[in-house]
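Here is the structure we will look at.
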Amino acid sequence: WNFSKGEDGFMARPRNDKLKEAIRREAWHLFATTGYHATSYTAMAEACGIKRPLVQYHFPKKEALAAQFLSNELKRTQEAWGFSDIDLSNSLDKIYAVGAAFYGSFCVPGGRSTFLCDILESRMLTDRVIPFNGSWIASHVAVASGGASNVAALCPPSDEIIVPFGGFHEALYVHLDGGEPYDVAEGLAPVVRAIAKQLGYPLTQLHQLNPEESFGTFNLSATLHRMQEESSASFSA
C-alpha cells in the first residue's frame, strides 16, 4: 500500500481516494450500461485496470455502490428540475415531479432499465438501495399545517404507504422485465396521494396530485431529456 507520514503518524495518500473514486465511477458506468447483476467485481477491476481484491477492499458490498449510484441519480434528478431543498419543503407536487423523473430516467432501453429491473427483482435490495422513499420524502416535506417535517408519520412508514409503494415497484418491475412501456407518473400517483393522506393533506389537494396538475407531462419530458443529455456527455467525456 502507499502511505505518507503526517504529524499524527501514517495516513493514506490522496491517490487512494482517487482510486476509490475511479472505482466508483467505473461501477456507476457499468451499472448504467450493463445492469446490476452484470457489474461483477471482476468487471469493475478490469474497467479500472486493477486486481479484483483491491476493488473489494474499497467496496466490500456491491449494494453500497448501487445505493450511492441511485442517491446520486436522485440528486441529479432534483437538479435537472432546478429544485432546491427549500423548493421541496411542503411541496408534494415538486417531490412527485422528482420521483416521476427519477424512476422515468431508468425506463429506457438498455443498461439503465436492466439495472433498475435487477434491483426491483429483490424486495430486500429495493428497500436497501432505492433512495426515493419515506425517509427521503420526510426529510424534505413539511406537514400541511406548516409544522416541522413529520418524520414520525413516514419513518417507519405505515401500511398505507408501504402497500402503494410495493405495488408501484412490482408493476414497474413486471413492465421492465417484459420490456413493456410503463407510465411512471401515473403509477406513482397513488403512492404520493397515500403519503399526502398520511401527512394530513385535505382531500381536495389529494385529488390534485396527478401528472397534469402537479408538473405537466411536457415539463417531465423536458427534464428527462436534460438528464439523458447530461448522462451521455459524462460517459463520452
Flag for THR204 being under 20 Å from LEU70 (Cα atoms) and not in a loop (DSSP other than H, G, I, E, B): no
Within the set of pairs 6+ apart or on separate chains, which have a first residue in the range 3-26 that is within 25 Å of LEU65 (Cα to Cα), a second that is at pLDDT 50 or above and of a type outside the set (A, V, I, L, M), and C-beta atoms under 6 Å apart? LYS20/HIS58; ALA22/CYS48; ILE23/CYS48; ILE23/HIS58; GLU26/CYS48
Give the range 98-143 a look and list any residue that's out of contact with any helix residue (DSSP H, G or I) (no Cβ under 9 Å at 6 or more places or on another chain) and under 20 Å from ARG226 (Cβ atoms), or say none. PRO109
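Taking the conditions exactly as written (on the phi > 0 side of the Ramachandran plot and modelled with pLDDT of 95 or more), does GLY82 satisfy them or not? Working first, answer last.
Values: on the phi > 0 side of the Ramachandran plot: yes; modelled with pLDDT of 95 or more: yes.
It is true that GLY82 is on the phi > 0 side of the Ramachandran plot and modelled with pLDDT of 95 or more.
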Kindly check whether there is at least one residue in the range 186-195 that is open to solvent by 60 Å² or more (accessible area, probe 1.4 Å) and either in contact (Cβ under 8 Å) with a residue 60 or more places away in the chain or of a type in the set (Gly, Ala, Ser) (or both). no
As an exercise: evaluate GLU170 against (1) open to solvent by less than 50 Å² (accessible area, probe 1.4 Å); (2) under 21 Å from the mean Cα position of the chain (by Cα) and give the number of the one condition it does not meet. (1)
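Could you check the range 51-78 and list, in sequence order, the residues that are of a type in the set (Phe, Trp, Tyr), assigned to a helix (DSSP H, G or I) and open to solvent by less than 40 Å² (accessible area, probe 1.4 Å)? Please lay out each step first, then the result.
First, the residues of the range 51-78 that are of a type in the set (Phe, Trp, Tyr): 57, 59, 69.
Remaining after also requiring assigned to a helix (DSSP H, G or I): 57, 69.
Answer for the range 51-78, where residues must be of a type in the set (Phe, Trp, Tyr), assigned to a helix (DSSP H, G or I) and open to solvent by less than 40 Å² (accessible area, probe 1.4 Å): just PHE69.
Can you spot a residue in the range 62-72 that is modelled with pLDDT of 95 or more and more than 20 Å from ASP127 (Cα to Cα)?
First, pick out the residues of the range 62-72 that are modelled with pLDDT of 95 or more: 62-72.
Then keep just the ones that are more than 20 Å from ASP127 (Cα to Cα); that gives none.
No; the residues of the range 62-72 include none that is modelled with pLDDT of 95 or more and more than 20 Å from ASP127 (Cα to Cα).
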Report whether or not LEU88 is closer than 23 Å to GLU212 by Cα, under 20 Å from the mean Cα position of the chain (by Cα) and surrounded by 17 or more Cβ atoms within 10 Å (Cβ to Cβ). yes
Under 6 Å between Cβ atoms, which residue pairs at least 6 apart in sequence (or on different chains) link something in the range 158-177 that is of a type outside the set (A, V, I, L, M, F, W, C) with a partner that is modelled with pLDDT of 90 or more and part of a helix (DSSP H, G or I)? GLU160/ALA194; PRO164/PRO190; PRO164/VAL191; PRO164/ALA194; HIS169/LEU120; HIS169/THR126; TYR173/LEU120; ASP177/CYS117
Residue hits (the range 175-195; assigned to a helix (DSSP H, G or I) and under 12 Å from THR114 (Cα atoms)) are HIS175, LEU176, ASP177
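The values are calculated or read from the model by the stated rules, or taken from the named source; none is laboratory data. Here the structure is a predicted model, which means the values were calculated and not measured. All Cβ positions, even for glycine, are placed from backbone atoms using ideal geometry, and neighbour counts span all protein chains on display. Please note that ligands, DNA and RNA were not included when accessible areas were found on the heavy atoms of the full protein model with its side chains. Shrake-Rupley method; radii C 1.70, N 1.55, O 1.52, S 1.80 Å.
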